[in-house]
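Shown next, in structure tokens, is the structure this report addresses.
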Amino acid sequence: MTSVSLTARARAHQWQRAGIVSRLVADVIDIVFVLVAGVVLLALVAGVRALFSHGFHFLTIPQPGRGIAAGALLVVYLWVGWGLNGRTVGKMTMGLRAVQADGSDLSPTRALARALLYLLFPIGFLWVVVSHRNASVQDLLLRTAVVHDWGTRHIEV
Amino acid sequence: MAAPGDPGPPLSAEAARLVTDAVGGAVVRMVEALGWMSSSGAPQPDSKAPSVTPLRRLPRTGLDAGVEAGKQAARAPATAASRVLDVLAGEVIPAVIRRLDLNAIIDRVDIQRVIDRVDVQEVVRKVDLDDVVRRVDIDVIIDRVDVNAVLGRVDVNELVGRVDVGPVAQEALDAVDVGAIVRESTTSLGAEAAEAARVQAMRADDGLNRIIDTVLRRGEPRDTALDSRTAR
């Protein structure tokens, strides 16, 4: 593989709807990032508590509070990422961007709704595999899309 | 003059000769003076005519012989002094030098005072250093220097121990923006890795889509472009 073919393929895919593999890799990166962030947050809280107690005890949250907290953290993370510029850490890494179907930026409301839908009905993501336009169920419901965007919006395809 | 190996006549005999020669010369000078006085007392009308004085009446050859002897005696002191000097240089001075303890004399010399009297700056001013340097063949000097021997004498550890590494390292770090280099290299590596992963995912997307579309018996490729149409 040469750098010329790399560039040609990348240019051809700019602002095209991304397939299941690219989106799945980005989502896995996001989930790992959120898990790490959750552990760091718990450690921080335990550290602050240790300042006012006699020892360091890692914070443990019993179910169902743990699941609710994890879900809330994921929703907030996705909402902030998509609402600000359509990118989470995973999408940034994979050169993807969540946009509206016409290519405009997601509104904060639509970004929050998309995050909640992914949390409540994650299996809807798999519709990308069979969709003629690489759309998930959430994309179909909210008229959104995920496109390749390596930061070259004005690139000529 | 006496030869270096010839001891020559004894010093006392030379001194006696010197005295007799001097006395003889003085007598002859007195005789000449008397003759001049007697001849100038009565001027003659004919100066060419030989004057007749009592002394001139002496046998002429005897008088001439006496005058000549006096003249030789007058030259005698210079000859005798020369001989004395020969004796001094040939025997006396070497003997004196043999008996002298030169080391003791040198020990008594205050070299520092001598040096203090020398105006070194004046000496240096007079030296044409450019000319001296021009005459020096540097290559020859360098060829003679055994650099390995010089380096073998150097205690490198001692040398390094004297160096205050802290300020040197700080200066080097100030000159080199290490942070920028690390950022640049890390960013470059990260960008290359991410780019490779993105392209691999694109390839996987395309391959998987083809397989699925084939299974679903779709006759046309996927429409992945963004437009205003409602997504299906």
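The values are calculated or read from the model by the stated rules, or taken from the named source; none is laboratory data. Remember, predicted model here, so these are calculated numbers, not experimental data. Cβ atoms come from the backbone with ideal geometry, glycine included; neighbour counts cover every protein chain shown.
Need at least 3 residues that are polar (S, T, N, Q) and either out of contact with any helix residue (DSSP H, G or I) (no Cβ under 7 Å at 6 or more places or on another chain) or surrounded by 13 or more Cβ atoms within 10 Å (Cβ to Cβ) (or both) per element, so show me which helices (runs of 4 or more DSSP H) inside segment A:1-104 make the cut, counting only ones lying wholly within it. Outline the logic, then answer.
Details: elements: A:3-13, A:20-52, A:65-85, A:89-94.
Answer list for segment A:1-104: A:3-13.
Does residue B:191 qualify as being modelled with pLDDT under 85 and either within 29 Å of residue A:142 (Cβ to Cβ) or away from chain A (no Cβ under 14 Å) (or both)?
Judged against the criteria, residue B:191 is not a match.
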Item checked: Hits in segment B:85-109 - residues which are farther than 25 Å from residue B:14 by Cβ and assigned to a helix (DSSP H, G or I) -> B:102, B:103, B:104, B:105, B:106, B:107, B:108
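What is the residue count in segment A:119-135 for residues that are part of a loop (DSSP other than H, G, I, E, B), over 12 Å from residue A:146 (Cα atoms) and among the aliphatic types (A, V, I, L, M)? Even if it seems obvious, please write down each step before you answer.
Initial filter on segment A:119-135 (part of a loop (DSSP other than H, G, I, E, B)): A:121, A:130-135.
Imposing the further condition that a residue be over 12 Å from residue A:146 (Cα atoms) reduces the set to A:121, A:130-132.
Pick out the ones that are also among the aliphatic types (A, V, I, L, M) and you get A:130.
Residues flagged as part of a loop (DSSP other than H, G, I, E, B), over 12 Å from residue A:146 (Cα atoms) and among the aliphatic types (A, V, I, L, M) within segment A:119-135 amount to 1.
Being more than 7 Å from every other protein chain (Cβ to nearest Cβ) and over 20 Å from residue A:92 (Cα atoms) is the filter here, so list the residues in segment A:139-150 that pass it. Please lay out each step first, then the result.
Keep residues of segment A:139-150 that are more than 7 Å from every other protein chain (Cβ to nearest Cβ), which gives A:141-142, A:144, A:146, A:148-150.
Answer for segment A:139-150, where residues must be more than 7 Å from every other protein chain (Cβ to nearest Cβ) and over 20 Å from residue A:92 (Cα atoms): A:141, A:142.
For every residue, the table says whether it meets (1) modelled with pLDDT of 90 or more; (2) within 11 Å of chain B (Cβ to nearest Cβ).
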| position | (1), (2) |
| --- | --- |
| A:18 | yes, yes |
| A:25 | yes, yes |
| A:52 | no, no |
| A:58 | no, no |
| A:88 | yes, no |
Check: Among the residues of segment B:67-85 satisfying the criterion of being within 19 Å of residue B:27 (Cα to Cα) and among the hydrophobic types (A, V, I, L, M, F, W, C), which is surrounded by the most Cβ atoms within 10 Å (Cβ to Cβ)?
Finding: B:73
Check: Do we find a residue being of a type in the set (Gly, Ala, Ser), surrounded by 16 or more Cβ atoms within 10 Å (Cβ to Cβ) and in contact with an Asp or Glu (Cβ under 8 Å, 6 or more places away or on another chain) anywhere in segment A:132-147?
Finding: yes
Margin query: Looking for something surrounded by fewer than 22 Cβ atoms within 10 Å (Cβ to Cβ) and closer than 22 Å to residue B:206 by Cα - is there at least one such residue anywhere in segment A:106-121?
Written below: no
Checklist line | Some residue of segment A:113-126 being within 12 Å of another protein chain (Cβ to nearest Cβ), within 21 Å of residue A:21 (Cβ to Cβ) and among the aliphatic types (A, V, I, L, M) | finding: yes
Next item on the list: Please find, among B:222, B:210, B:218, B:183, the residue that is within 14 Å of chain A (Cβ to nearest Cβ), surrounded by 10 or more Cβ atoms within 10 Å (Cβ to Cβ), in a helix (DSSP H, G or I) and basic (Lys, Arg).
Entry: B:210
Note to self: Quick test for you: out of B:144, B:198, pick the one residue that is surrounded by 10 or more Cβ atoms within 10 Å (Cβ to Cβ) and either under 59 Å from the mean Cα position of the chain (by Cα) or within 14 Å of chain A (Cβ to nearest Cβ) (or both).
What the structure shows: B:198
